Amino acid sequence: MNLQARHQDLLPANLSMGTVMLKVGDMNKMSTYYQQALGLDVVAEADGGLYLGRGSTPLIHLAPAAGLPVASRGDAGLFHTALLFEDQASLAATVASAVQYDPRGFVGSADHLVSEAFYFTDPEGNGIELYYDRPRDTWRWENGTVAMASNYLGPQEYLNSHLTEASVTGRRQAGAGVGHVHLQVGDVETAQDFYIDTLGFEKTAGWHGQALFVSAGKYHHHMAMNVWNSAGAGPRKNTLGLGEVLITVPDTDDVGALGERLAHRGITANHDSEELRFEDPWRNTLRVAAA
């Protein structure tokens, strides 16, 4: 494939990750967690559930699904939803709030070179990452791959350095967005065929054949897929957990171009002029919509 054709097959560089929908069994418990622990507010009550976010930006859509079974640890699905904060003080304020609300929900932290990240699990087992991006001019790229690691990042030292009274009192007003979404899949090769060769993301990093990181526009990653818990997993059943991942592209031409690529690869999609809805090989639902 020539470079011009490959460029036309790429997702637009200025796409963004949108709302992540979760199918939940206990709406009260989950809504309370996302509001009190993570400082999100109800942006809208619609589609039979709650949209929670910061300001007018919805980040998480909680959709009631009482009666559905809980997914097993080895199933394909959500690894974590990653919420990106604008500065270290805002991140520290939400980390402190989440730890205070439920210390058992904190599962780790890491310095990834490109970012500083803290990991949590919500009351129904969905992974959450809270993170801050280091300035892009500090990221190290070589042959199209960005340098990332999982170095030590002490939670208490981080809070001591970055938590301020202003960030605590202004926690709910601080901006945040969905920075990336990380999935559990059955195998990395199939993930690469779908997310890179079909959708049009570019590979930014890998990890010993067990994880794949992809992005548009040279972000470190908008999505990732791993097999750490789920090697060999087949298509998902209808369970609690991930319901849908929204990807926002600039205009309807981008939606149309992706629709043509999906059709060419024989992938079924619900398509109107504004958006596409389709499934990846593990039945994770993706929606690509024009801004």
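Laboratory data are not the source of any read-out in this text; all were calculated from the coordinates shown. If you're wondering where the values come from, they're calculated on a predicted model, not measured in any experiment. All Cβ positions, glycine included, derive from the backbone under ideal geometry; neighbour counts span all protein chains shown.
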Checklist entry - Using alpha carbon centroids, what distance separates the range 47-102 and the range 178-236, in Å? => result 20
Checklist entry - How much length is gained if the chain between residue 143 and residue 72 is pulled fully straight, taking 0.36 nm per residue apart and subtracting their Cα-Cα distance, in nm to one decimal? => result 21.8 nm
Checklist entry - Can you run phi through the Karplus equation (6.51, -1.76, 1.60; θ = phi - 60°) for the range 19-29 and list ³J(HN,Hα) in whole Hz, with x for Gly and Pro? => result 4, 9, 9, 10, 8, 10, x, 10, 4, 5, 5
Item to check | Calculated FRET value between residue 121 and residue 150, using beta carbons and R₀ = 22 Å, to 0.05 | outcome: 0.80
Next on the checklist: For residue 237, give me every one of the aspartates and glutamates with a C-alpha distance below 18 angstrom, ignoring sequence neighbours fewer than eight places off in its own chain.
Outcome noted: 75, 124, 187, 279, 280
Checklist entry - Which entry in [x] 29, 23, 19; [y] 40, 33, 22; [z] 40, 26, 17 matches semi-axes √(5λ) of the Cα gyration tensor in Å derived from the coordinates of this structure? => result [x]
Item to check | Where GluC sites (Glu not before Pro) in DSSP loops with at most 16 other Cβ within 10 Å are excluded, longest remaining stretch of the chain | outcome: 87-273
Next on the checklist: Please list, in order along the range 163-168, the HN-Hα scalar couplings obtained from phi with the Karplus expression 6.51 cos²θ - 1.76 cosθ + 1.60 (θ = phi - 60°), rounded to whole Hz, x for Gly and Pro.
Outcome noted: 6, 10, 4, 5, 5, 5
Next on the checklist: As a test of the formula, what do you get for the chain when each DSSP H run with n ≥ 4 contributes -39,500 (n - 2.57) and the sum is divided by the residue count, at 222 nm and rounded to the nearest 500 deg cm²/dmol?
Outcome noted: -5500 deg cm²/dmol
Checklist entry - When DSSP assigns beta bridges and you keep just the ones with both residues in the chain, what percent turn out antiparallel, to the nearest 5? => result 75
Item to check | Other-chain or far-sequence residues with amide H under 5 Å of residue 40's (modelled H) | outcome: 35
Checklist entry - In whole Hz, what ³J(HN,Hα) sequence does the range 267-278 give by Karplus (6.51, -1.76, 1.60; θ = phi - 60°), x for Gly and Pro? => result 9, 6, 9, 7, 10, 10, 5, 9, 7, 10, 10, 7
Checklist outcome for this item: Taking every other residue with Cβ under 12 Å from the Cβ of residue 117 and scoring Lys and Arg +1, Asp and Glu -1, one gets -3
Checklist entry - How many nm is it between the label spots at residue 274 and residue 169, if each spot is 7 Å from the Cα in line with the beta carbon? => result 4.1
Checklist entry - With a ≥ b ≥ c the root eigenvalues of the C-alpha gyration tensor of the range 114-161, is it rounded (a/c under 1.5), prolate (a/b larger than b/c) or oblate? => result oblate
Checklist outcome for this item: Computed over the range 3-290, the relative contact order (Cα-Cα under 8 Å, seq sep at least six) in percent reads 24
